[in-house]
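The values are calculated or read from the model by the stated rules, or taken from the named source; none is laboratory data. Small disclaimer: the values here were computed from a predicted structure and weren't measured. Note: ideal-geometry Cβ built from the backbone for every residue, glycine included; neighbour counts use all protein chains shown.
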Amino acid sequence: MLRKLVGYAAYMFGANTFTALLNFAVSALGMVTRPKEAFGDYAIYMLVYEIGNGIFIFGANATIQRYAADSLENRQRFTKLVFLVFLGMSGIFGLAGFVVWRFIGLNYALALFGLPWVVTYWYGRYVVRSNLDAKREARLMVVASLANTVFQFLFLTLTDLRDALIYGDFLALLASGLMALVTLPAALGLSIRQIFQVPIPREFLKEAFRFTVPLWLAGQVFTLKVRLQSIWTTAFIGSKAMGALQGMQTMWQFAGKPMEYLGQASLPGLVSAKEDRDVLYRELLRFSVVSLTAVAIVVAAGIPFVFQVIDFVAELLGRTGVPMSEKYAEVPVLLLLPTLAVPFTAVEMVTNQYSVAVGKQRTVFYAQVVNVAVMAATLIPLAKHFGLIGVVIAGAIGELGNASTFIVLLWKHRTDSMRTALVWSVLATAATAAALTPVYVYREIAFSWLLAAPALVIFGALMMLTRMLQVQDFKRVLKAFGRG
């Protein structure tokens, strides 16, 4: 089962790599050609629709995987719900967006107009994912990513609009939602008319709703954390700092995407594993902690090289202005902080899905409450003394509290697995700190990105000493990417 899950993640990662690089290139173009404040406004636009999006999608993934992973009938029911939700949201948010456009501004209105489409896109991916249909999900993802790249590139190059990134992103939301509406009937082999004829028992809706509620609440709490970070950064540090934070998050996608894909595959796999669930959990946990941390170390250490490439290309194209390496000079240091927290983030990622699979979904809510409480308690003092770095540190500390809550609350019921999670996360964090030390100490040298290699060697050697990294892991990854 682990091989299948890694294969799914590898397929999704491979399908996304090219489009993600294009998307990154366009984001970098926006960072170079538009003022830093505009990039901060784009982050605020993203925050508006992401908050609205979160209201409707949090809990949906876990619920769909829980009930549809082994049931074609339930996949049909959820597909009908996708169409019904899309129609309802289109009417409500179309009217709300028009009002906002008239009285507040177009940027916020576009976020509301695009909301039904992005919710439909994610629901579509969740339904397809419940069958681990990597090819169809990859198509959905590629269309969304390419649409974002193409539309933003056209607005950036053919117009002088300050908010070109916003307009391109909105058109991409429409394209991704439309693709989901086309893909779902094809995946089931049904017409839209047949989908609307699928009966949905009231008892099924009630049971799914009860299962979703604690997960939905956990999602809202998580949204609160993101909102607090963004509001504090914008209000008390400034839109330039918000632009830097968005720049860090843009660079972090190289490390975040593998986490996303492996996490996506974990839940349906853990649901289907049944009596082998604990064995799969520990194998998946070990693999995630080691591999995801290794990727994050390379990303954090290698970002100066990315900046140098962007500056070189911009110079060839005749672009003038402040180089990326100076404009976003704080980003490489900021990236070291979430990298240090990756072992605990990996524990949270896998244990989150594990708790849902074993019927302890309320644990997800409690963990997110601790996440936000810890972040909120540390945000003000850390931001006051360290500025933007303090904001990022507070977020990393929140992730530590998040993962620790899962371990504490599940300890009584799954002692062996939680003890393993605690020991591995601590050991991996110590190894990560050792690997990042030369990266931080020598960050000012001309070719500091070359330190990615020795940092990775240090981390790998320490992981092999703890036996968390084994030779068979390299073979498994190579086979998974070979099949992908």
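Would you check which residues across the range 434-448 are surrounded by fewer than 16 Cβ atoms within 10 Å (Cβ to Cβ), of a type in the set (A, V, I, L, M) and part of a helix (DSSP H, G or I) and list them?
A434, V441
Residues that are within 20 Å of V85 (Cβ to Cβ) and either small (G, A, S) or touching a Pro at 6+ places or on another chain (Cβ under 6 Å) (or both), at least 3 per element: which helices (runs of 4 or more DSSP H) completely within the range 123-210 meet that?
Counting at least 3 such residues, we get 164-188.
Can G401 be described as buried (at least 21 other Cβ atoms within 10 Å of the Cβ), in contact with a helix residue (DSSP H, G or I) (Cβ under 7 Å, 6 or more places away or on another chain) and at negative phi?
yes
Applying the selection to the range 449-475, what residues are at pLDDT 85 or above, assigned to a helix (DSSP H, G or I) and not aliphatic (A, V, I, L, M)?
W449, P454, F459, G460
Would you be able to tell me the number of residues in the range 314-337 that are within 28 Å of the chain's Cα centre (by Cα) and either at pLDDT 80 or above or among the acidic types (D, E) (or both)?
Here the count works out to 9.
For the list (1) in contact with a Phe, Trp or Tyr (Cβ under 7 Å, 6 or more places away or on another chain); (2) outside the structural domain of W122 (by TED's automatic domain parsing); (3) modelled with pLDDT of 85 or more, I need the number of the one condition that S176 fails.
The one condition S176 does not meet is (2).
Scanning for something surrounded by fewer than 22 Cβ atoms within 10 Å (Cβ to Cβ), under 19 Å from Q249 (Cα atoms) and acidic (D, E), does the range 323-332 turn up at least one residue?
Checked the range 323-332: at least one residue is surrounded by fewer than 22 Cβ atoms within 10 Å (Cβ to Cβ), under 19 Å from Q249 (Cα atoms) and acidic (D, E).
What single numbered condition from (1) modelled with pLDDT under 80; (2) more than 30 Å from N107 (Cβ to Cβ) fails to hold for N74?
(1)
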